[in-house]
Amino acid sequence: MISGLYIFDAKGDVLISKLYRSGIGRNISDVFRIHVISAASNRSAIRSPVLTLGSTSFIYIRSGHLWLCAVARSNQDCATIMAFLFRLETLLKSVVGEKHPLTSDAIINHFSSVYDIVDEAANFGYPIDTNPSYFSVHGSSESSGSFLKRPKSLAKKRSSGTIATLGLPKIGNTSSASLDRTAGHDTGVSWRQPGIKYRRNEVFVNIEEKVSALISPEGGSVLRSSVDGTVNMRTHLSGMPECRFGLGDDCVFLSSASSHSSDTDSGVVLENTKLHHSVDLSRFDSNREIQFIPPDGEFQLMSYHCSSNINLPFDIIPEIHQSGHKIVYKIKIRSLFPSKIAATGVVIRVPTPQGVVRNYASPTQGKAKFHPEESAILWKFNKLFGDQSHTLTAEVGWNETTNYEDEDTVLKWQRPPIKIDFHLDMYACSGLTVKFLKIHDKSNYRTIKWVNYKCTAGNYNVRF
């Protein structure tokens, strides 16, 4: 699939090169440097991460000032190659100890290890694996003479002619999980080491959502709203367990329902859903069941976007009156979630004009204070329980002797929106719920499960 792999620095010099197949010349790097790197340095437009010249394609990504480029001949799957490059970048960062984008010095100082990874990550141009658990790193990480060793099980598979495939989107009827299971350890699971043992087996599921909304001043109608959410897990499980994860019956994935379906009028509609590569996609496609062998520790099981049937946690009704040399505010906030739940860190930022010299703020609950450096009144709640309503009455003004320039600034004030920040536990604005989480292992041990919901504010604005 891949004929050659190159790592270039910012000037276009080759740091690492590996030719997997014949058919490309060694001067192919000059072509990439002229058409891509030189064009980028001259601020010319680079419209695509794939450059095709004749029958040769250059698929590339950037990591800081470095370029990772794969060269392919004829018609190849560019999406798979690009995913391989991103995984290779992550693996290189873990080996050279870089949390930030790769640097030339890091590649040069760990040349031996980097070259071993480039050599082992693909077999005759076919991506094998780029999971760090496949590689056993020996020697000092600061030494350029450190080397990598493959697990024996993988060496046997490769010597027998079995070519594993990168865990990427499924091909035909084969899921990404089943593709990953053809390589790696004897267990066939590249993302989990065998023989893990815990005295206390626990699973933590955290559903974290960030809600954004824009509310009109006319009747408080919602102009737009959306939720970006993730399902994060932390597993402390022994052995090689298999997990089955189910969402609520009212959950609809957009790929399985059209926008005109009656199911989308109520319930949870998830868009742009992305699943961890350990999930068996064949089962998910057939019955929407999320079945997987979890990695050990923390990982993101799923991410999603929701733009319909959103339960906004707060309703704000602003009233603003401007007369003479003062502006009078009356801001009413109503919490729309259950009364047993409390929002913490609630901050309502009410903007004011510049040049204010007098201010007054009186809330029915919480604390309100004018901050001249921010040109805003901050109304704060340590805790705000659901099903409550509170009002802020405030007044700001300027002296009658204020010059006309400052007064014109007030008159031309554009009234930026009121912004809200909050943290809300045990509440999901999308309505997403976990229906069940079943864990099965051959030892049949007891598992303690924890599920938590958390919602925070994204761009939550109210016009007035």
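Quick note: the coordinates plus some simple rules give every number you see, no bench work behind them. Note that the structure is predicted; figures quoted are calculated from it, not measured. Here Cβ is always computed from backbone atoms with ideal geometry, including for glycine, and neighbour counts include all displayed protein chains.
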Taking the Cβ-Cβ separation of residue 365 and residue 433 as r and a Förster radius of 30 Å, what is the calculated FRET efficiency to the nearest 0.05? 0.50
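Could you work out the local net charge near residue 3, counting Lys and Arg as +1, Asp and Glu as -1, over the other residues with Cβ closer than 15 Å to its Cβ?
Working: positive: 18, 21, 26, 73; negative: 77, 119.
Every neighbour counted, the sum reads +2.
What is the sum of charges around residue 204, taking Lys and Arg as +1, Asp and Glu as -1, for the other residues whose C-beta is under 11 Å from the C-beta of residue 204?
Numbers: positive: 234, 449; negative: 202, 298.
Local charge sum for residue 204: 0.
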Lys and Arg at +1, Asp and Glu at -1: neighbours of residue 230 with Cβ under 15 Å from its Cβ sum to -1
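Between residue 90 and residue 126, what's the calculated FRET efficiency when r is the beta-carbon distance and R0 is 22 Å? Round to 0.05.
Working: r = 19 Å, r/R0 = 0.88.
The pair residue 90/residue 126 has a calculated efficiency of 0.70.
Nearest 0.05, what FRET efficiency do residue 193 and residue 75 give at R0 = 35 Å with Cβ-Cβ as r? Please report the intermediate quantities before stating the final value.
Details: r = 38 Å, r/R0 = 1.07.
With R0 = 35 Å, the Cβ-Cβ based efficiency is 0.40.
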Work out, step by step, the length gained on full extension between residue 463 and residue 272: first 0.36 nm times the residue separation, then minus their alpha carbon distance; give nm to one decimal. 65.9 nm
Once both labels are modelled 7 Å past Cα along the beta-carbon direction, what's the residue 423-residue 47 spacing in nm? 4.7 nm
Rounded to one decimal in nm, the spacing of the 7 Å Cα→Cβ label points at residue 26 and residue 328 is 8.5 nm
Taking θ = phi - 60°, what integer Hz values does the Karplus form 6.51 cos²θ - 1.76 cosθ + 1.60 yield along the range 210-218, in sequence order, with x for Gly and Pro? 10, 9, 10, 7, 10, 10, 7, x, 8
Take 21, 73 and order them by how many other Cβ atoms sit within 10 Å, fewest up front. 21, 73
